[in-house]
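A.B. asks: Can you read through this structure? Questions will come right after.
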Amino acid sequence: RAFLLCAHYKDAALCVYKVGPDEIGYEGKPMKIMRGRGTVQSLFRGAGSQAILASLPPHQLKSLYLSSASEIAEAGLGGSWKEFRTALSEIRRRGFAETVGRINPGMHSLAVPIVRADGKVAGSLLMLGPATAAARDEAVGLAPALQAKAREIAAALAEP
């Protein structure tokens, strides 16, 4: 598994730190991790981005939807404002975003938001692994640990 720390940067997710391998094995083949330090992704692609997206305030989501409806639909987040809101509500309810093969084919991504004490999203903590059923189940089981780590990061951001 690899872990990435992503920051909310303008209308994107910026990967600022990575721990773990540069490749993950899937079906006996190595897959290069396409997200690394310094890469910028749309807020609509990948779990790390979607965890941030789901934590944005409603007025910002509405603005993003109005300017990016086709990209949102292509990302599978809904073909209407109502569907988009529902998809983001589901991410918030679960407490994590999860995608398979959005950036790397055969790769499973699970991410939790990092929300500061003032309620603003600072970024996300992303875990990458192979998209096998067993690895995906294991990742979902690790979501509470990622959420706890995200809370620690948020608390550290609040320290003077």
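The values are calculated or read from the model by the stated rules, or taken from the named source; none is laboratory data. It should be emphasised that the depicted structure is a prediction, and the values quoted were computed from it without experimental measurement. Glycine also receives a Cβ, built like all others from the backbone with ideal geometry; neighbour counts cover every protein chain displayed. The area values use the complete protein model at the heavy-atom level, side chains included, leaving out ligands, DNA and RNA. Shrake-Rupley method; radii C 1.70, N 1.55, O 1.52, S 1.80 Å.
A.B. asks: Under a GNM of the chain (C-alpha, springs under 10 Å), which listed residue has the highest mean-square fluctuation: Ala75, Ala54, Ala134?
C.D. replies: Among Ala75, Ala54, Ala134, the largest mean-square fluctuation in the Gaussian network model of the chain belongs to Ala134.
A.B. asks: Separate question: What trypsin sites (Lys or Arg not before Pro) in the range 34-106 are in a loop by DSSP, with at most 11 other Cβ atoms within 10 Å of the Cβ?
C.D. replies: Values: sites: Arg35, Arg37, Arg45, Lys62, Lys82, Arg85, Arg92, Arg93, Arg94, Arg102; in loops: Arg35, Arg37, Arg45, Arg102.
Those satisfying the criteria are Arg37.
A.B. asks: What are the radius of gyration and Dmax of the range 41-83, computed over its Cα atoms and given in Å?
C.D. replies: 9.4, 24
A.B. asks: Under the Karplus relation 6.51 cos²θ - 1.76 cosθ + 1.60, θ = phi - 60°, what is the ordered set of whole-Hz ³J(HN,Hα) values for the range 27-32, x standing for Gly and Pro?
C.D. replies: For the range 27-32, the Karplus-derived couplings read 6, x, 10, x, 10, 6 Hz, x marking Gly and Pro.
A.B. asks: Assigning unit charges at the beta carbon (Lys, Arg +1; Asp, Glu -1) and nothing else, what dipole magnitude in debye, to the nearest 20, does the chain show about its Cα centre? Walk me through the numbers on the way to the answer.
C.D. replies: Working: 20 positive and 14 negative charges, 43 e Å.
Charge dipole, the chain, about its Cα centre: 200 debye, nearest 20.
A.B. asks: Kindly provide the pair-distance distribution of the range 6-160 built from C-alpha pairs, with 5 Å bins from 0 and whole-percent values in order of increasing distance.
C.D. replies: P(r) over the range 6-160, rounded to whole percents: 2, 10, 19, 23, 21, 14, 8, 3, 1, 0.
A.B. asks: Within the chain, which DSSP H helices have Cα atoms that stretch 27 Å or more along the helix axis and a mean Kyte-Doolittle hydropathy of at least -0.5? The partial results should precede the final answer.
C.D. replies: Numbers: long enough: 133-158 (37 Å, 0.49).
Long hydrophobic helices here: 133-158.
A.B. asks: In square angstrom, what is the accessible area per residue of the range 47-160 with a 1.4 angstrom probe? Spell out each step's value before the answer.
C.D. replies: Working: 5560 Å² over 114 residues.
That works out to 49 Å² per residue.
A.B. asks: Averaging over every viewing direction, what projected area does the convex hull of the Cα atoms of the range 99-145 cover, in nm²? List each step's numbers first, then the result.
C.D. replies: Details: hull surface 14.2 nm².
So the Cα hull casts an average projection of 3.6 nm².
A.B. asks: Quick one: which residues, 5+ away or cross-chain, put their amide H under 5 Å from the amide H of Gly123? H built at 1.01 Å from N.
C.D. replies: His8, Ile114
A.B. asks: Is the C-alpha gyration tensor of the range 48-116 telling us rounded, prolate or oblate? Criteria: a/c under 1.5 is rounded; beyond that, a/b larger than b/c is prolate, otherwise oblate.
C.D. replies: On the way: a/c = 1.90, a/b = 1.21, b/c = 1.57.
Taking the square roots of the gyration eigenvalues as a ≥ b ≥ c, the range 48-116 is oblate.
A.B. asks: Let me ask you something else. If one computes P(r) from the Cα atoms of the range 1-63, what percent of pairs lie at distances over 19 Å?
C.D. replies: 36 percent
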